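Data block below; observations after.
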Ligand code: ATP
């Protein structure tokens, strides 16, 4: 409980200047609560968290296994190496364990066996604070606090200046939209305010990550919330964000992963294939079959 309160203490940051301490406490506690499955090490190591100060990070998984309950293993013997600055796409059928793997990377849960290392440090040895900071997540469905859209963006870095927040909004290409609102950056969003579309919410998430400047990026690709044009525009912004960072993409569609340095194909919680898009098509295995099915679907839709 003490650690919960000390984390809430960091809310004091928000009271500085224009931001005026209105982060939705309920949601903040809920987010912190999600971290409570895991324990901080007795003498945790610190890690550079920002790309600008630490450069990209290397991420290694060694023989990782995991189950939400001891009776049912979900992931089996997952090993992979993401060299600093490279991209890994995780693909596979529904229920194959893609999102679960993403949850282990953010340490929402610890592996049942095996280890996950950032720059050689086991996730369990890193301070929970640094771990939260070193990985930026663009989720499928972004949580918006019942607060102004400006403060929703600043959530990426509660110490950032208003100018930095606006620059992030511009990079995420949501500035024009925000400036068109009568209340601009002060517009209240969230359940009790203005509802944003799926694409607008994703842009808020992207702006947050730009402010946060993490060394590692985890993208949980949107499935269907976005129309094709918005999706293409957002893909450009995600590509820009991931360029220098070590990036994991949980991908539901294969069209977005063709350029990944490494594509990992999961089936029933095991890696059944890995390689580049070209390698995997040549393999003529699971990935090649998924590719021809999705290519067929897009022809039908066109
Ligand atoms: P999709 O493509 O449908 O999003 P996925 O590949 O991301 O699927 P996961 O969401 O990782 O798959 O789920 C893998 C397995 O773990 C599924 O059988 C699912 O039912 C189970 N599972 C997922 N989340 C939980 C949870 N919180 N508690 C218990 N079981 C879970």
query: Could you list, in sequence order, the residues of the stretch 132-155 that are in contact with a strand residue (DSSP E or B) (Cβ under 8 Å, 6 or more places away or on another chain) and under 21 Å from residue 221 (Cα atoms)?
result: 133, 134, 135, 136, 137, 138, 139, 140, 144, 152
task: Could you check the stretch 97-158 for helices (runs of 4 or more DSSP H) lying wholly inside it with 2 or more residues that are within 16 Å of the ligand (Cβ to nearest atom)?
output: 98-105
query: residue 225 fails exactly one of the following numbered conditions: (1) outside any helix (DSSP H, G or I); (2) at pLDDT below 90; (3) in contact with a helix residue (DSSP H, G or I) (Cβ under 6 Å, 6 or more places away or on another chain); (4) surrounded by 16 or more Cβ atoms within 10 Å (Cβ to Cβ). What is the number of that condition?
result: (4)
- prompt: How many residues does the stretch 81-96 hold that are within 16 Å of the ligand (Cβ to nearest atom) and in a strand (DSSP E or B)?
  reply: 4
message: Please pick out the residue among 94, 112 that is surrounded by fewer than 17 Cβ atoms within 10 Å (Cβ to Cβ) and free of Cβ contacts under 8 Å to residues at least 24 places away in the same chain.
response: 94
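If you scan the stretch 240-277, which residues turn out to be part of a loop (DSSP other than H, G, I, E, B) and within 12 Å of the ligand (Cβ to nearest atom)?
Going residue by residue through the stretch 240-277, those that are part of a loop (DSSP other than H, G, I, E, B) are 243-245, 251-253, 257-261, 268-269, 276.
251, 252, 253, 268, 269 - these are the residues of the stretch 240-277 that are part of a loop (DSSP other than H, G, I, E, B) and within 12 Å of the ligand (Cβ to nearest atom).
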message: Take residue 76 and tell me if it is touching a strand residue (DSSP E or B) at 6+ places or on another chain (Cβ under 6 Å), over 25 Å from residue 205 (Cβ atoms) and more than 14 Å from the ligand (Cβ to nearest atom).
response: no
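The values are calculated or read from the model by the stated rules, or taken from the named source; none is laboratory data. None of the values given here were measured: they were computed from a predicted structure. Every residue, glycine among them, receives a Cβ derived from its backbone with ideal geometry; neighbour counts consider all protein chains shown.
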